[in-house]
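Heads up, the thing below is written out as structure tokens.
The values are calculated or read from the model by the stated rules, or taken from the named source; none is laboratory data. A quick note: this is a predicted structure, and the numbers were derived from the prediction, not measured. Cβ coordinates were reconstructed from backbone atoms using ideal geometry, including for glycine residues, and neighbour counts include every protein chain displayed.
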Amino acid sequence: MTKGEKYMDNILEFKNIRKEYPGVIALKDININVRRGEVLGLVGENGAGKSTLIKVCSGAISPTSGKILYEGKEHGHFTPSVSMDLGINVIYQEFNLVNEMSVLDNIFLGNYPKKNGMVDRSEMKRRAADVFQQLGISIDTEKKVHDLSVGFKQFVEIAKAVSKETKVLILDEPSATLTNKEVDMLLEIVKNLKKSGVTIIYISHRLEEVFEICDRVSVLRDGEYIATVEADNVTREELVHLMVGRELNESFPEREPVPENAPVIFEARNLSGNGDSDISFSLRKGEILGFGGIVGAGRTELAQMICGLIQPESGEMFYNGEPYKPRDTKAAMAQGIVLAPEDRKQQGVVLDFSIKENVDLSNMKSVSWKFVINKKAEKALAESFRERLKIKCSSIQQKVLNLSGGNQQKVVLARLLACHADIIIFDEPTRGIDVGAKQEVYHLMNDLIREGKSIIMISSELPELMGMSDRIVVLAEGKKTGEFARSEFTQEKILNQASIS
């Protein structure tokens, strides 16, 4: 079935689905139908209810009220086993793979074909070959998962789902951490699955992908259903307006240029280590310095040396004109340099802690005296950042685990900003968050600059890199290959330097 064809019936229908938590209504009587054989985009800002809805679909949570119709049969709720037995599979942003096992074993884990009571590896290889042929992917199935790129891990997850005769496949932000080439491969996989009759719900903040592969797009906002539109009959601006309920007239907020005589606050000279070699650059007070390059260029590795996570092998660093060599991240933080990591869930927050506890993690001195925590100061600190960063939550006692991706990112920033750092390193600050939340991050960065802070921003999105940076340093294969002032920015120049090997 090709894009634009009419669909005969609905395979899945959500009828008045409501989900309430103490103090929060996550879903407010949602009504959405999914047509058999289509690619339905599901979009909305962080906190809109997308993740909650797909958890209802997978059986991970039960709705407070409402019903689900699957192939015409009514269900009050699903359980995980019922959902999978019906042919519904969800691939979340966090992969469910065993890294030490092979691709082949991961695909059939818990579902091994057997012959004469023994695992039939020949049958496994045959079925796996058929699945990857269906997906249009070439892969060594004996390879260990830990040796695969993030993109190919994603493809293994999809292969695992397809091997179970999936009828409805839900992809939750599948391209968030992929390279451009891997994104192209992913979109082809989705198109191939659609041709084979699989119905797909595609959740993404990357609207260009939504327009390329989706037949219709359903919009959620603040837990409410807003509209479902034909992808061919709506513009990007109209879709964004449905998502945020307001006009976003500017992609990147304006900011005064950095004065030419602004002092250098940080400098690296011939820095080597952690996969990088002989890198030199400077950062001025009140500047946003962008680090550009493709995945694997060495940008995160450089940030890890700056913030004390990894010790450099050679070279020098200077902070406010003085030699700077932090022994660890705590020492770097004490001197005023912090890192907001790319992987916020694994490195930026403690998911099982509350918002308040996470904000306190790096700031106990400011809310305690002689090892006694000042509860009033502790609460006031967390509440101030909840308000400043517009964190959507029931209270500062809510666990970070139950927040949307964008709001988890805000908790990371709250924890770091409470340290009163002078230099903040943002590693992919808007990855996996929606257009409205991106605007909030951009305005926050500009506010920090106006306060006299300095920022290093790592971003794989060229428009973002060029729209927010005063200067851009480009890396390729662990080496600095170029540096550009704002007046020199072009996508062609940056891409050329990023591809030098």
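Among the strands (runs of 3 or more DSSP E) confined to segment 162-233, the ones with at least 2 residues that are hydroxyl-bearing (Ser, Thr, Tyr) are located at 199-203, 224-230. Within the option set Leu465, Leu413, Leu401, being closer than 30 Å to Asn274 by Cβ, at pLDDT below 85 and part of a helix (DSSP H, G or I) holds for one residue only, Leu413.
With of a type in the set (Gly, Ala, Ser) and farther than 30 Å from Asp434 by Cβ as the only criterion, which of Ser175, Ser204, Ser149, Ser163 stands out? Even if it seems obvious, please write down each step before you answer.
Numbers: Ser175 fails: farther than 30 Å from Asp434 by Cβ; Ser204 fails: farther than 30 Å from Asp434 by Cβ; Ser149 fails: farther than 30 Å from Asp434 by Cβ.
Step by step, each of Ser175, Ser204, Ser149, Ser163 is checked, and only Ser163 is of a type in the set (Gly, Ala, Ser) and farther than 30 Å from Asp434 by Cβ.
A Cβ distance below 7 Å, combined with a sequence gap of six or more or placement on separate chains, defines the contacts here; from segment 116-143, residues that are over 22 Å from Val98 (Cβ atoms) and modelled with pLDDT under 90 reach residues that are among the β-branched types (Val, Ile, Thr) and surrounded by 12 or more Cβ atoms within 10 Å (Cβ to Cβ) in the pairs Gln134/Val162; Gly136/Ile189.
The condition (being at positive phi and either out of contact with any Leu (no Cβ under 8 Å at 6 or more places or on another chain) or not assigned by TED's automatic domain parsing to the domain that holds Lys50 (or both)) is satisfied by just one residue among Gly76, Gly110: Gly110. Taken as a whole, the structure places Ile433 among residues that are assigned to a loop (DSSP other than H, G, I, E, B) and more than 20 Å from Leu361 (Cα to Cα). Only one of the listed residues (Glu451, Glu464, Glu488, Glu492) is of a type in the set (D, E, K, R) and in contact (Cβ under 8 Å) with a residue 24 or more places away in the chain. That residue is Glu464.
Scanning segment 62-85 for residues that are surrounded by 19 or more Cβ atoms within 10 Å (Cβ to Cβ) and under 29 Å from the mean Cα position of the chain (by Cα), we see that the one that is farthest from Thr199 (Cα to Cα) is Pro63. Take the residues in segment 23-52 that are outside any helix (DSSP H, G or I) and charged (D, E, K, R); name whichever of them is surrounded by the most Cβ atoms within 10 Å (Cβ to Cβ). Only one residue fits best here, namely Glu45.
Return yes or no: is Glu45 touching a helix residue (DSSP H, G or I) at 6+ places or on another chain (Cβ under 6 Å) and among the acidic types (Asp, Glu)?
Numbers: touching a helix residue (DSSP H, G or I) at 6+ places or on another chain (Cβ under 6 Å): yes; among the acidic types (Asp, Glu): yes.
Yes.
One residue stands out among those in segment 89-127 that are in a loop (DSSP other than H, G, I, E, B) and among the charged types (D, E, K, R): the one that is nearest to Leu169 (Cα to Cα), which is Glu94.
Among Glu209, Glu182, which is more than 24 Å from Arg35 (Cα to Cα), charged (D, E, K, R) and in contact with a Ser or Thr (Cβ under 8 Å, 6 or more places away or on another chain)? Step through it out loud before you land on a result.
Values: Glu209 fails: more than 24 Å from Arg35 (Cα to Cα).
The unique qualifying residue is Glu182.
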